[in-house]
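Visitor: This is the structure I want to talk about, given as structure tokens.
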Amino acid sequence: MSITSEPDDPVDLNRLQRRLERERAARLEMETVYEKGLRELYLREQELRVLQDISTATNLSPSVRDTFHHALGRLCEYMAWPLGHAYFVETHDGATRLKSTTLWHVQDPEKMEPFRAATEALDLAVGEGLPGMVCQSGKAIWLPDVDSKTFFVRKASAAASGIRAGCAFPVLIGEETAAVIEFYTERSVAPDTALLKLIGQVGTHLGRAIERQRAENRLIHDASHDPLTALPNRSLFLDRLNQVIARGKRNPQILFAVLFIDLDRFKIINDSLGHFAGDDLLTQVGHRLQNALRGDDTIAANHAAAHTGTLARLGGDEFTVLLSDIKDPSDAVRVANRLGEALRHPFVVDGQEIYTSASIGIASSTSGYETAEAILRDADIAMYRAKTLGKARCELFDQDMYAAALQRLALETNLRRAIQNEEFVLHYQPIISLRTQTVVGFEALVRWRKPDGELVYPDEFIKITEETGLILALGHWVLREACRTASALQTQYPRENPLTMSVNISPRQFAQPDLVEQIRSTLRETGLDPHGLRLEITESVTIDDPNRVASVLAELKELGVRMSIDDFGTGYSSLSYLHSLPLDALKIDQSFVAKMGKDAESLHIIQTIMGLANNLGLEIIAEGAEIACQVTKLQSMGCEFIQGFYFSKPVDATAIAALLANPIRQMDSKGSTEC
Ligand code: C2E
Ligand code: CA
Ligand code: CA
């Protein structure tokens, strides 16, 4: 057996000693490392918990303020610092400011009062003070001693509250600083990297909360604003109006008014230049109205409370203004005139100068309104009156207008029913050839025979059917009925030049995309030879959309239908333009014939029209000849065709046979041309 003698060796003892020491040191080191690790693990876990807490609060709490409040409290608790506060960054008209808020976490409110008061008074520019510096750099700043930094402006109040150290950090959305948060404590504390990292992460969380609220605000904004003009939409306008009405009920001294603005001729512009151009125009109009409204200080000047106006777009070319604080309805008229004035200069759309104007109706609270709908309705009625009085003007609502509007509504309802029940009849007025002394054709003129037997003339209802679109159904009926009658007449009274039937086509009818097809199928259905049909359109129809007019007329011409311009001389069509259209006849407006005896100008106009028609190779039909001298005068001027009471009033279908059987009325043999 062998025995080791090494332990007894003093050299070896030393070695052993060293080894043990080494091992102890290593063990100690390991223990330290282990403990440190544990501590870090613990710290990390605490940090995570703080973050987790704040993120949960962000997701649960309904408002950014609540989220911030919670975060301030949680961080103060974690850091064991007694005070935390938030600023929001706000941008107005291009200027960015940091606004102090009432968001605080304060452990000892009494002690902190001086500092709190000084802080809440702050309104800082970017770069100013501790929060301003953080906002500018987008980075956290740690002040172990607030007294040592010149940029720290609240030294006195900090001292009064016993504050020594502070740190502030940005709440970031991407690169943007949306808010700044600051913390303070009474001890001097050196910067803590782990803490800075944590608050950096908290900043990101809070940034998300702000971002989310912004998205929500955007949604709310979008739901209450018109996407094209960014103006309040109908629902927001009604909301505000209802608020004002409620306020007016509590305090009858408050006067307010609603302006209803409708652009004149917008449809024509939109149809001829296209929808993009129309949208562009509406946007520009919105801007001009808004600026004109803002610039209005006439009311504010003679009024203690500043006047506030809400401009909204209801849809289409309709805008409204709510003037919520006026002294007198005349204030509203002044604003309306100012808005109208703002639209006077041309707009540039698609490189073209465009003129537009607005018809404005005003209803004021002096009429006593219970609902938003009622005041809006009356402003609309007044706007309608402004339109009928010649557009580009404003009208203040009154009770007569209301009565008229009611009547109009009743008429519209009755007309709708009349169309359904086919309560209409056609009368026919003969057109006479002075050369052949015969009836060459008829004009179909519609009448409404009410159930009680009363006969209503078109001047009382055509306009409203045109405005409401009822003319489309009525016009179609007229066309079919007139063609049927004409077809029967042609069979019954064969002529070398077959009898013709003239039918009035209103602007709205003419605008129908399937007009040509409608006429073609009506001709087929009624068996009328297309040459027997003459369509009468007014000059206004030819001006609206020249390209379309030309192509529709060309198609009708090819079909064999003849075309006349009705009421000629009252519109503004250019002669060179008329020349380019495939027309057959001009009908001289009856107002000229009526005055030709007394008024040299009317006579001159008739002469000019006849000269023009001769040059263009068009027939002339003079309308409204009532007395012999008008007929002889027209004849002496070379007019061949006459339509007027002198020969016959419009008659119903049963009277046509008698008309055609008898020779036409002869002119006074002593027929003088002087009337
Ligand atoms: P218009 O097309 O100019 O029709 C001629 C009008 O003048 C008719 O009035 C006719 O009765 C009247 N008239 C004819 N000769 C004389 C005369 O010697 N003296 C006077 N004072 N008047 C005369 P009416 O039937 O009342 O029609 C008025 C207007 O209503 C028509 O004017 C036309 O613009 C419109 N209209 C009539 N029927 C229709 C229709 O079926 N469709 C459309 N769109 N409009 C129609
Ligand atoms: Ca006519
Ligand atoms: Ca006419």
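The values are calculated or read from the model by the stated rules, or taken from the named source; none is laboratory data. Computed from a predicted structure; not experimentally measured. Neighbour counts are summed over all protein chains in view; Cβ atoms, including those assigned to glycine, are modelled from backbone coordinates with ideal geometry. Accessible surface is based on the protein model in full, side chains and every heavy atom, while ligands, DNA and RNA are left aside. Shrake-Rupley method; radii C 1.70, N 1.55, O 1.52, S 1.80 Å.
Visitor: Evaluate the relative contact order of the stretch 79-175 (contact order divided by residue number), counting alpha-carbon pairs under 8 angstrom at least 6 apart; express in whole percent.
Guide: Computed value for the stretch 79-175: 24 percent relative contact order.
Visitor: Name the residues whose placed amide hydrogens come within less than 5 Å of the amide hydrogen of V349, ignoring near sequence neighbours (fewer than 5 apart) on the same chain.
Guide: The answer is I354.
Visitor: While we're here: Provide the packing ranking of 134-141, 179-186, 153-160, i.e. peptides ordered by the mean count of other C-beta atoms within 10 Å per residue, highest first.
Guide: Top of the packing list down: 179-186, 134-141, 153-160.
Visitor: Normalised by the number of residues in the stretch 429-478, what is the relative contact order in percent for Cα pairs under 8 Å and 6+ residues apart?
Guide: Over the stretch 429-478, the number comes to 22 percent.
Visitor: Under 8 Å for C-alpha pairs, at least 6 residues apart: give me the relative contact order for the stretch 474-588, rounded to a whole percent. Could the numbers behind the result be given before it?
Guide: On the way: 149 pairs, mean separation 27.9, N = 115.
With pairs under 8 Å counted, the relative contact order is 24 percent.
Visitor: If the reach is capped at under 28 angstrom between alpha carbons, list the lysines near K99, excluding any in the same chain fewer than eight residues apart.
Guide: K111, K139, K149, K155, K197
Visitor: Amide H neighbours of A392 under 5 Å, counting only residues 5+ apart in sequence or on other chains, H built in-plane at 1.01 Å?
Guide: A358, S359
Visitor: Excluding ligands, DNA and RNA, what is the solvent-accessible area per residue of the chain at a probe of 1.4 Å, expressed in Å²?
Guide: On the way: 34790 Å² over 675 residues.
I get 52 Å² per residue for the chain.
Visitor: Once phi is turned into θ = phi - 60°, what whole-Hz ³J(HN,Hα) does the Karplus curve with 6.51, -1.76 and 1.60 give for every residue of the stretch 278-287, x standing for Gly and Pro?
Guide: Karplus-based 3J(HN,Hα) across the stretch 278-287 equals x, 4, 4, 4, 4, 4, 5, 4, x, 4 Hz.
Visitor: Still on this model: Tell me the angle of helix 546-559 to the major Cα principal axis of the chain, expressed in degrees between 0 and 90 and rounded to the nearest ten.
Guide: The answer is roughly 50 degrees.
Visitor: Give the long-range amide H neighbours of L83: residues separated by 5 or more places, or on another chain, with amide H under 5 Å away, using H modelled in the peptide plane at 1.01 Å from N.
Guide: Y184
Visitor: In the chain, if the dipole is taken from +1 on Lys/Arg beta carbons and -1 on Asp/Glu beta carbons about the Cα centre, which of I588, L196, G162 is farthest to the positive end?
Guide: G162
Visitor: Separate question: If you take the square roots of the eigenvalues of the alpha-carbon gyration tensor of the stretch 563-614 and sort them as a ≥ b ≥ c, do you get rounded (a/c under 1.5), prolate (a/b over b/c) or oblate?
Guide: Judged from the Cα gyration tensor, the stretch 563-614 comes out prolate (a/c at least 1.5, a/b above b/c).
Visitor: For the peptides 437-444, 396-403, what is the packing order when you average, over each peptide's residues, the other Cβ atoms within 10 Å and list the highest mean first?
Guide: Highest-to-lowest ranking by the protection proxy: 437-444, 396-403.
Visitor: Among the lysines, which fall within straight-line cross-link reach of K450, defined as a Cα-Cα distance under 19 Å, with same-chain neighbours fewer than 8 residues apart omitted?
Guide: Straight-line reach from K450, under 19 Å: K463.
Visitor: Given N residues in the stretch 219-285, what is Rg(Cα) / (2.2 N^0.38 Å)?
Guide: 1.49
Visitor: Give the value in nm², to one decimal: projected area of the alpha carbon convex hull of the stretch 1-138, averaged over all directions.
Guide: It is 17.7 nm².
Visitor: Now for a different question. Any chance you could give the angle, 0 to 90 degrees and rounded to 10, that helix 515-526 forms with the longest Cα principal axis of the chain?
Guide: So the inclination is approximately 40 degrees.
Visitor: Quick one: 3J(HN,Hα) in Hz for the stretch 169-186, Karplus 6.51/-1.76/1.60 with θ = phi - 60°, rounded, Gly and Pro as x.
Guide: Residue by residue, the stretch 169-186 yields 9, x, 9, 9, 10, x, 8, 7, 8, 9, 7, 10, 10, 10, 10, 9, 9, 8 Hz.
Visitor: Restricting to DSSP H runs of at least four residues, report the calculated mean residue ellipticity at 222 nm for the chain, -39500 (n - 2.57) per run over all residues, nearest 500 deg cm²/dmol.
Guide: Details: 24 runs with 337 residues, N = 675.
Value at 222 nm, helices only: -16000 deg cm²/dmol.
Visitor: Over the chain, consider all pairs of different Cα atoms and compute the Kirkwood hydrodynamic radius from their mean reciprocal separation; express it in Å, one decimal. Walk me through the numbers before you get to the answer.
Guide: On the way: mean 1/r = 0.0299 Å⁻¹.
After inverting the pairwise mean of 1/r, the radius is 33.4 Å.
Visitor: Hand me the trypsin sites (Lys or Arg not before Pro) from the stretch 403-507 located in a DSSP loop with no more than 15 other Cβ atoms within 10 Å, in residue order please. Intermediate values should be presented prior to the final figure.
Guide: Numbers: sites: R408, R416, R417, R435, R447, R449, K463, R480, R484, R495; in loops: R435, R495.
Within the stretch 403-507, the qualifying trypsin sites (Lys or Arg not before Pro) (loop, at most 15 other Cβ atoms within 10 Å) are R435, R495.
Visitor: Excluding residues fewer than 8 places away in the same chain, name every one of the aspartates and glutamates whose C-alpha is closer than 16 Å to that of K327.
Guide: Result set, ordered by chain and number: D296, D297.
Visitor: Another question, if that's okay. Would you mind checking the tilt of helix 10-60 against the longest principal axis of the Cα atoms of the chain, expressed as 0 to 90 degrees and rounded to 10?
Guide: Helix 10-60 and the main axis of the chain meet at about 30 degrees.
Visitor: Here is a further query. Working only with C-alpha atoms, what are the Rg and Dmax values of the stretch 403-531, expressed in angstrom?
Guide: Radius of gyration, then largest Cα-Cα span, for the stretch 403-531: 16.2, 55 Å.
Visitor: Hey, another quick one. Given a 1.4 angstrom probe, I'd like the percentage of the accessible area of the stretch 74-147 that is carbon and sulfur, rounded to a whole number.
Guide: Numbers: 1630 of 3430 Å².
Looking at the stretch 74-147 in its full context, I get 48 percent from C and S.
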